């Protein structure tokens, strides 16, 4: 009997081995099978398709694979739990061997705070994958990861992401998280939601024949509804998304999942519900926001940030409200403009814009808390734009709507539309249900996803490149006689972003930068303000200085300007075998 079992095990082992060999021969590719495409890792350790979207479990698996394949570059950690107890993952990506990552300038990337705005997760993951896979074959990426650290959170709303993907929803729902809310004030929670009336897995639109209606089918594409002219008789009325009035109050789709808005729950300029809809109970009352906030506060080395939303093709900066305009000084705006205008070039069809001025007012948004609350230069990209349909600009929503149908027909082969079908609605009678599926309109079609992922990543890498890079430029000694020497040190910042924003300096959000000398007997320590905060020399040729009488070995500097430098001086006696160290929260640590 045992021999029979062993023979069966042997046969099973042989079958599995043959299957694995066959499978690897089908999908495996050796380096001699590859001709490198410029700008893309030729033969990555982790093969990922970037023309599709991943569930929370898919994201988790990709993060694990990257961390396992690149242990010297990628660390994976959970920074907290979501409302439904899912881990909120963050990937730390840097050269983890040359220096502790907290001693390097940091760059934060998050995505998918709004659950239907899913493609930011893929773009964040693409960035992580590209950095790790390119380190050994691209000099720019190697230098970047040697100098900087990226903290990447692919999804900060994992519960609602999975709900959006796995349940019948519209392209706009659920927008937010899954904490239940009584949206209509009737004392019941989530009593309606969306009902998939025809059980096709999609929540689409309802239309009903009505000679007094304002719509008719488009003669060029009868799937599309257009408004009739003033002298025309209508054929249909539009009744909104499919759904039922479950509580008999005459309204459908009330108390939908996710009625609050996690991007109104951040501490800066937070306002209660009656002023800012969706703000929830108090700042950081939403567990996902609190986890992200705790992480960012615990990592003061973060100097730049990027958050991904959709849609509209926008590169947004703050402020979110008009009252905060004065916070953005000329010096800081020059940094924002230089980076934002580069985004205009790198991302065709996208526009560099100001949130409150060009879009709408936002209280309690992450974009503003990152900059105004934490001193982090930050952007929000609204992903996807109708420009990507046929690479042209549209003067009206009507033009882009028409092209949307043509794009879907000839480039997606009608894969994103549910044809109109009759349905007997219990409240509305005989109606027709149909329209675009939830995965089209706000989300990239697969073949456009990787292209836009790369372009958006390139924008964030440009931003990250310009976080501070501090260099001890000069160390000069002057013999003063009597055993005393004057040691003058110039520290330069080779990038656009200063070690402190103007708002940071004014409100002391971050500690000062420290320039220290060890190994010498210090008699006096001096700060030499030879440059203005903008980095340009003062017109006066007379050198001035400010003595620091307390702890003169460590000179406190309020800021090292972008593309500028600062100078300090010590009077020392005795031993000249000393070390100079620069320690900046957002500029990193360097020694000489």
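Worth pointing out:
- If the condition is being at pLDDT below 50 and part of a strand (DSSP E or B), then region 532-559 contributes only 537.
- Among the residues of region 391-429, those identified as free of Cβ contacts under 8 Å to residues at least 24 places away in the same chain and surrounded by 14 or more Cβ atoms within 10 Å (Cβ to Cβ) are 394, 400, 403, 407.
- Looking only at region 439-465, and only at residues there that are in contact with a strand residue (DSSP E or B) (Cβ under 8 Å, 6 or more places away or on another chain) and assigned to a helix (DSSP H, G or I), the one that is surrounded by the fewest Cβ atoms within 10 Å (Cβ to Cβ): 459
- Check on residue 361, closer than 26 Å to residue 443 by Cα and touching a residue at least 60 places away in the same chain (Cβ under 8 Å): no
- Of all residues in region 36-75, those satisfying the criterion of being under 16 Å from residue 120 (Cβ atoms) and in a helix (DSSP H, G or I) are 56, 58, 59, 62, 63.
- Qualifying residue in region 218-239 (condition: without any contact (Cβ under 8 Å) to a residue 60 or more places away in the chain, under 30 Å from residue 287 (Cβ atoms) and surrounded by 13 or more Cβ atoms within 10 Å (Cβ to Cβ)): no
- Taken as a whole, the structure leaves residue 344 outside the set of residues that are surrounded by 18 or more Cβ atoms within 10 Å (Cβ to Cβ), at pLDDT 95 or above and not in a strand (DSSP E or B).
- The set of residues from region 131-154 being in a loop (DSSP other than H, G, I, E, B) and in contact with a helix residue (DSSP H, G or I) (Cβ under 7 Å, 6 or more places away or on another chain) comprises 135, 148, 154.
Rundown of residues vs (1) closer than 24 Å to residue 325 by Cβ; (2) outside any loop (DSSP other than H, G, I, E, B), yes/no style:
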| site | (1), (2) |
| --- | --- |
| 467 | no, no |
| 480 | no, yes |
| 488 | no, yes |
| 492 | no, yes |
| 497 | yes, no |
| 505 | yes, yes |
| 514 | no, yes |
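- Residue within region 376-393 that is in a helix (DSSP H, G or I) and over 23 Å from the mean Cα position of the chain (by Cα) present: yes
- Which listed residue, of 309, 299, is modelled with pLDDT of 95 or more and more than 19 Å from residue 504 (Cβ to Cβ): 309
- If you check 160, 128, 124 for being touching a helix residue (DSSP H, G or I) at 6+ places or on another chain (Cβ under 8 Å) and assigned to a helix (DSSP H, G or I), only one passes: 128.
- Considering residues of region 499-513 that are out of contact with any helix residue (DSSP H, G or I) (no Cβ under 6 Å at 6 or more places or on another chain) and crowded, with 22+ Cβ neighbours inside 10 Å only, the residue nearest to residue 554 (Cα to Cα): 513
To keep it simple, each residue is scored yes or no on (1) touching a strand residue (DSSP E or B) at 6+ places or on another chain (Cβ under 8 Å); (2) modelled with pLDDT of 95 or more; (3) outside any helix (DSSP H, G or I); (4) under 30 Å from residue 589 (Cβ atoms).
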| site | (1), (2), (3), (4) |
| --- | --- |
| 96 | yes, yes, yes, yes |
| 108 | yes, yes, yes, yes |
| 156 | yes, yes, yes, yes |
| 170 | yes, no, yes, no |
| 174 | no, no, yes, no |
| 183 | no, no, yes, no |
| 190 | no, no, yes, no |
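- Scope region 55-94; condition over 22 Å from residue 289 (Cα atoms), out of contact with any strand residue (DSSP E or B) (no Cβ under 8 Å at 6 or more places or on another chain) and in contact (Cβ under 8 Å) with a residue 60 or more places away in the chain; matching residues: 62, 69, 70
- Residue tally, condition touching a residue at least 24 places away in the same chain (Cβ under 8 Å) and on the phi > 0 side of the Ramachandran plot, over region 469-483: 1
- Residue in region 408-420 that is in a helix (DSSP H, G or I) and more than 29 Å from the chain's Cα centre (by Cα) present: yes
The rows are residues; the columns are (1) within 18 Å of residue 380 (Cα to Cα); (2) without any contact (Cβ under 8 Å) to a residue 60 or more places away in the chain; (3) assigned to a loop (DSSP other than H, G, I, E, B).
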| position | (1), (2), (3) |
| --- | --- |
| 248 | no, yes, yes |
| 252 | no, no, yes |
| 290 | no, no, no |
| 305 | yes, no, no |
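- Residue in region 319-341 that is crowded, with 24+ Cβ neighbours inside 10 Å, in a loop (DSSP other than H, G, I, E, B) and in contact (Cβ under 8 Å) with a residue 40 or more places away in the chain present: yes
The values are calculated or read from the model by the stated rules, or taken from the named source; none is laboratory data. Computed from a predicted structure; not experimentally measured. Here Cβ is always computed from backbone atoms with ideal geometry, including for glycine, and neighbour counts include all displayed protein chains.
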